[in-house]
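The values are calculated or read from the model by the stated rules, or taken from the named source; none is laboratory data. Quick caveat, the model's predicted, so the values are computed rather than measured. Cβ placement follows ideal geometry from the backbone for every residue including glycine, while neighbour counts extend to all protein chains displayed. Remember, those area values only see protein heavy atoms, side chains included, never the ligands or the DNA or RNA. Shrake-Rupley method; radii C 1.70, N 1.55, O 1.52, S 1.80 Å.
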Amino acid sequence: MAAMASELTLVDYFAVIGLDKNIGLRLDPSLEVLAELSGTSGANERLPPLERTYEAKILAHFPEKRRGHPFLHEISSLCMPKGLKFYTEKNVPMLPHFHSFVVIKGNKDGTRVNGCALTIYEEVKDELIRQTMFDLQMEHVKEISAVPTPSRGGGGGGEKSSSPLMSSNYDSRIRQQPGTISSGNHTMPRHISAKKNRSKRISYYDNISKPIFVAKCLCVLTRIPMVFTSEKILRTIADIISKNHAILPIPLESFIYWILHEVPLPVHGTTFQLNYNSIDLIVIRPHLYELPYFDYPLQQMFNYISIEKFLKLFTCFMLEHQILLCSKYMDRLMLIAESLSTLVFPFRWQLTYVPILPYSQLKFIEAPVPYLMGLCYDDFIPDQIYQSNVCILDIDTGKLDFPEDVPQFPKYRQVSDEIHKIITHCQESFAKQKRQQNFEATINNSESSIPPIPKVVMRKKVGNKRDDLWSMKRMSRSFDNHDSLKAAEDVYRHQREQEQQAAAALVLQEDDDNRNSNSPARMTDDDGYETASQSPISAETQVYFQYANKGFLI
C-alpha cells in the first residue's frame, strides 16, 4: 500500500522533446500525409531549409517508468504536431507557447492521459548542425537560381536561360556563381528576394556566424486534466533554465524531483495548496458525484464562436456526428473540444476523441465512424476536407459547415437567451472585479508615490531671547512676497504701540494713586474742590515716556 501511495503523485512524467543530434536534420515524414491530402506532394522538400519541418524525438523523460502507468512515446507528435522547425534571429518567437493535449488509451475503459507542453526556443550551439543548415541553404539557393523564370515583358517573350551568366539580360553587377556568398549576401533571383510583403519573405541562413534557433518542448503528463497548475510548473522550469534568469532560487534537478516524487495527487473532494520557494501550486479536485474537473476558461470559448453556432455544433456532438475542429492554435482546439465533452455531463463521449490530430494520422479523417478531431493547420484548410459530410468548424474565422440533416436544438431560443444572460452576468462581474483591482492598485501606487512627511524637531531655546519681530524677519527669507510681509509688519507695529500706550497709562494711574496716599492733607480751592498737587514726576516715569514716544520699550 505504501508503494502504491508513493506512485500517486501530481505529475507522472516529465519529458523533453526536441532535435536529436544523433539523427540530425531528418525531414518529418508525417508532413507528406498533409501534402497528399492537399494535393501538394513533396512540398516539404521544396521549401527553404529554415521553413522545412524536421523530425522531433523524445530526448529524455523522468522517471523511466511507473508501476501501472507506462510512458507514452507517441506524445512527441502531440507536443509538436507540426514537427520541428528552425528560426532566424529575426523571426524567432519572443515568448514560449503553451498548449494542452489528451491521449485516450485503447483499453476498455478508455483511460485518459492528460498532458501539457511548453515550447521554448533555444539557440543552436552545435557547429555540425549549423554547418548542415548552411549547406542545405546553399543547395536550395542553387536549385531555385537555376529554375527558368518568365521574362518581364510577357506575351511571347520566351524563357530565360537556366544560368544567369548565359542570359542575354544578364546584369553585369553580378560577378558570382549562383549560391555563392559575397559580403555576407546570397545571390537570389530578383523575383524571389525582392518581395514587397515582408511577411511572405523567405528566411535564409547565409552566414554560419549568425545565430539560429530551434524549438524544444517541455512536457508533463498527469492523471487529472489540470491546465493552469501544469503551466505554472512548466514556466517555472523554463525560467530556471533560461539564460536571462540571473539568480536560480533552486537547482533544476531538485525542482523536478520534488514535482515527480514529493507532491501527492489530491484525493476527490479536497483542495491541495502548497508553496515551494515562492512557487504556489493550487489544485481543487471535485468529488466523484460533483461536476467533473474542468480547468479551461469556458467563457473564452464564446469569444471565438457565437452562441447560435455553438448550439448547432453542440447538436452535432449530441447526435454523434463526425466533427472536425480546425485552427492554427492548438490551445483553441483543446478549449472547444474539452468544453463540448464536459457540457454533456452526466453523459460521456465514448467514441473517437483526438482534439489535436498529428499530421501522421490525418488519414483517419476519412474514417466512417463518429469522431471528434482537431486539425492544426498552417496556411489553409485543404479543400478535400469540405467535400465530405463532416461538421467542420474553423475556430479562427468562425466558419461552421455542418450537414443539412441536423435538426434544431430543443428550445433553441430559450437556451440561447439563457446562455446570453449568463455570459453577460459573468462579463459584468469580471469587469467590476477588474475595476476594483485597478482602483486598489491606483490607491496603492498613489500612496507609495507620496513622500513621507519629515519629522519636525523643535530646537531648544537658548539664553538670548529674541522678540517676535526678529522671528518674522527670519522667516521672511523663505518668502518672495515682500508686500505681504511689509503689511504684516505694519499690523504688528500698530498692535505693539497700542499695548505700550495702555501700559504707560496704567503706570501714570499708579503714580497718582501713590502720591495721593502719601500726602498728609488735601488742599481745596475757594469753591471747596480739591486741587491737584504739583509734585514732580519721578525719574523712572520720565525714562518710560521717552522710550514710549520712540516706539519701543526696554
Segment 393-407 - residue that is of a type in the set (Asp, Glu) and in contact with a strand residue (DSSP E or B) (Cβ under 8 Å, 6 or more places away or on another chain) and, of those, surrounded by the fewest Cβ atoms within 10 Å (Cβ to Cβ): Asp401
When you look at Gln437, is it modelled with pLDDT under 85, surrounded by 10 or more Cβ atoms within 10 Å (Cβ to Cβ) and closer than 30 Å to Ile356 by Cα, yes or no? no
Please give the number of the condition Phe272 fails out of (1) open to solvent by 50 Å² or more (accessible area, probe 1.4 Å); (2) out of contact with any helix residue (DSSP H, G or I) (no Cβ under 7 Å at 6 or more places or on another chain). (1)
So how many residues does segment 333-392 have that are open to solvent by 70 Å² or more (accessible area, probe 1.4 Å), among the charged types (D, E, K, R) and out of contact with any helix residue (DSSP H, G or I) (no Cβ under 7 Å at 6 or more places or on another chain)? 4
Check off (1) at pLDDT 85 or above; (2) outside any helix (DSSP H, G or I) for Thr132 and give me the number that stays unchecked. (2)
Criterion first (at pLDDT 90 or above and closer than 23 Å to Val227 by Cβ) does His97 satisfy it? yes
Tell me yes or no: at least one residue of segment 339-346 is of a type in the set (Val, Ile, Thr) and out of contact with any strand residue (DSSP E or B) (no Cβ under 7 Å at 6 or more places or on another chain). yes
Ala2 meets each of (1) at pLDDT below 65; (2) of a type outside the set (Lys, Arg); (3) within 34 Å of the chain's Cα centre (by Cα) with one exception, condition (3)
Residue pairs, Cβ under 6 Å, 6 or more apart or interchain, first in segment 257-269 and at positive phi, second surrounded by fewer than 14 Cβ atoms within 10 Å (Cβ to Cβ) and not polar (S, T, N, Q). List them. Gly269/His287
Out of Phe294, Phe255, Phe317, which single residue is among the aromatic types (Phe, Trp, Tyr), open to solvent by less than 10 Å² (accessible area, probe 1.4 Å) and under 30 Å from Pro63 (Cα atoms)? Phe255
Please enumerate the residues belonging to segment 55-71 that are out of contact with any Leu (no Cβ under 7 Å at 6 or more places or on another chain) and not charged (D, E, K, R). Ile58, Leu59, Ala60, His61, Gly68, His69, Pro70, Phe71
Here is a check on your reading of the model: is Ile279 out of contact with any Ser or Thr (no Cβ under 9 Å at 6 or more places or on another chain), on the phi < 0 side of the Ramachandran plot and open to solvent by less than 20 Å² (accessible area, probe 1.4 Å)? no
Looking only at segment 56-114, filter to residues that are without any contact (Cβ under 8 Å) to a residue 40 or more places away in the chain and β-branched (Val, Ile, Thr); which one of those is farthest from Ala215 (Cα to Cα)? Thr111
Please go through segment 100-112 and pick out each residue that is at pLDDT below 90 and closer than 19 Å to Met330 by Cα. Val103, Ile104, Arg112
Can you pull out the residues in segment 272-317 that are among the hydrophobic types (A, V, I, L, M, F, W, C), without any contact (Cβ under 8 Å) to a residue 40 or more places away in the chain and touching an Asp or Glu at 6+ places or on another chain (Cβ under 8 Å)? Leu274
Return a yes/no flag: does segment 53-63 have any residue that is under 30 Å from Met138 (Cα atoms), modelled with pLDDT of 85 or more and among the charged types (D, E, K, R). yes
